[in-house]
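J.: Could you have a look at this structure, given as structure tokens, before my questions?
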Amino acid sequence: MRRKLAAGNWKMNGLRADMAQVAALNVPAGVDVLICPPATLIAALAGGSVRIGGQDCHAKSSGAHTGDLSAAMLRDAGADYVILGHSERRADHFETDADVAAKTQSAWAAGLVAVVCLGESLAQREAGETLSVVARQLAASVPDGATAAQLVVAYEPIWAIGTGLVPSLAQIEEVHSALRRDLVARFGDEGAGIRLLYGGSVKPSNAAEIFAVADVDGALVGGASLKAADFNAIISALE
Ligand code: PGA
């Protein structure tokens with residue numbers, strides 16, 4: 001059985017005053033709750049019942065890379081997870097699938113769970129390329145040797161992020177079942193245990209129907225993870 005995961009991605013939002021939103025989250029027995037705050041808040045938030053993660057890491061463990069953080073640093077600050085390959089990183093920082101794979105290796109070496117993100121653009125969706133795009137991203141962004149304990153995959157259609165637009169439930173199911181097939185084909189039993197999150201405009205009003213889709217093991221939530229009341233409603237839809 002795959003444990004449900006409610007993951008919040010705060011992006012570049014969150015000051016110390018906002019730590020109260022994490023303290024106010026419910027963590028039901030059957031659900032893993034994860035917040036990925038800005039790195040400035042990781043050490044202060046770590047150690048409670050809400051898991052804490054980074055939003056990116058460098059592929060190397062140390063060195064002359066001004067402004068970057070290594071996976072070992074995130075781990076040292078108390079993070080258990082790191083989001084890698086988010087579409088905003090791919091777009092703003094030109095991260096490639098190979099970069100994401102290298103970062104995933106370094107996350108694993110540091111003892112972090114990697115939440116690897118992938119998803120098609122609107123143009124790719126309209127061109128009928130969604131399944132081939134996500135298959136290619138999965139193959140190239142996830143290194144060999146992935147295990148259920150070390151990897152979470154988040155399907156985040158770029159056009160659904162922060163837009164209020166959500167794919168149909170049939171479209172989500174189509175992608176998640178294709179990703180599951182590929183994970184099982186490549187990683188066997190481990191692939192069957194790797195959690196698949198849906199992300200993109202998940203909110204209290206649509207969470208339950210999305211979580212009822214086969215092979216959706218939780219969500220990666222941006223905007224609606226910033227306020228405890230909204231994220232708690234999403235968490236309870238997973239129970
Ligand atoms: P959103 O962002 O929930 O605000 O659409 C999701 C994400 O980018 O992870």
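The values are calculated or read from the model by the stated rules, or taken from the named source; none is laboratory data. Just so it is clear, the model here is predicted, and its values are computed rather than measured. In this analysis, Cβ positions are derived from the backbone assuming ideal geometry, glycine residues included, and neighbour counts consider all displayed protein chains. Areas reflect the complete protein model, heavy atoms only, side chains present, ligands, DNA and RNA absent. Shrake-Rupley method; radii C 1.70, N 1.55, O 1.52, S 1.80 Å.
J.: Being assigned to a helix (DSSP H, G or I), within 18 Å of E190 (Cα to Cα) and modelled with pLDDT of 95 or more, is that true of even one residue in region 112-123?
T.: Step one: list which residues in region 112-123 are assigned to a helix (DSSP H, G or I), which gives 122-123.
From the residues that got through so far, the ones that are within 18 Å of E190 (Cα to Cα) too are none.
Looking for residues that are assigned to a helix (DSSP H, G or I), within 18 Å of E190 (Cα to Cα) and modelled with pLDDT of 95 or more, one finds none in region 112-123, hence no.
J.: Here's a follow-up. Mind telling me which of the residues S70, S61 ends up being among the polar types (S, T, N, Q) and surrounded by 14 or more Cβ atoms within 10 Å (Cβ to Cβ)? Write out each step before concluding.
T.: On the way: S61 fails: surrounded by 14 or more Cβ atoms within 10 Å (Cβ to Cβ).
Just one listed residue meets the conditions, S70.
J.: Moving on. Please verify whether region 132-152 includes one or more residues that are within 16 Å of the ligand (Cβ to nearest atom), open to solvent by less than 30 Å² (accessible area, probe 1.4 Å) and under 20 Å from A6 (Cα atoms).
T.: Yes: one or more hits.
J.: Related question: Do any residues in region 115-137 that are in contact (Cβ under 8 Å) with a residue 60 or more places away in the chain have Cβ atoms under 7 Å from those of residues that are in a helix (DSSP H, G or I), where the two are at least six apart or on different chains, and which pairs are they?
T.: Every condition considered, the pairs that remain are C117/S87; G119/S87; G119/V134; G119/I158.
J.: Determine whether T163 is in contact with a Ser or Thr (Cβ under 8 Å, 6 or more places away or on another chain), β-branched (V, I, T) and either open to solvent by less than 50 Å² (accessible area, probe 1.4 Å) or more than 19 Å from L5 (Cβ to Cβ) (or both).
T.: Numbers: in contact with a Ser or Thr (Cβ under 8 Å, 6 or more places away or on another chain): yes; β-branched (V, I, T): yes; either open to solvent by less than 50 Å² (accessible area, probe 1.4 Å) or more than 19 Å from L5 (Cβ to Cβ) (or both): yes.
Here the answer is yes, as T163 does meet what is asked.
J.: Please state which of the following conditions G63 fails to meet, knowing it meets all the rest: (1) in a loop (DSSP other than H, G, I, E, B); (2) within 22 Å of D182 (Cα to Cα).
T.: Result: G63 fails condition (2) only.
J.: Quick check: anything in region 99-108 aliphatic (A, V, I, L, M) and closer than 20 Å to G8 by Cβ?
T.: yes
J.: I want to confirm something. Restricting to region 107-129 and keeping residues that are in contact with a helix residue (DSSP H, G or I) (Cβ under 7 Å, 6 or more places away or on another chain) and open to solvent by less than 10 Å² (accessible area, probe 1.4 Å), which single residue is nearest to the ligand (Cβ to nearest atom)?
T.: C117
J.: Of these, T96, T104, which one is crowded, with 24+ Cβ neighbours inside 10 Å and more than 16 Å from the ligand (Cβ to nearest atom)?
T.: T104
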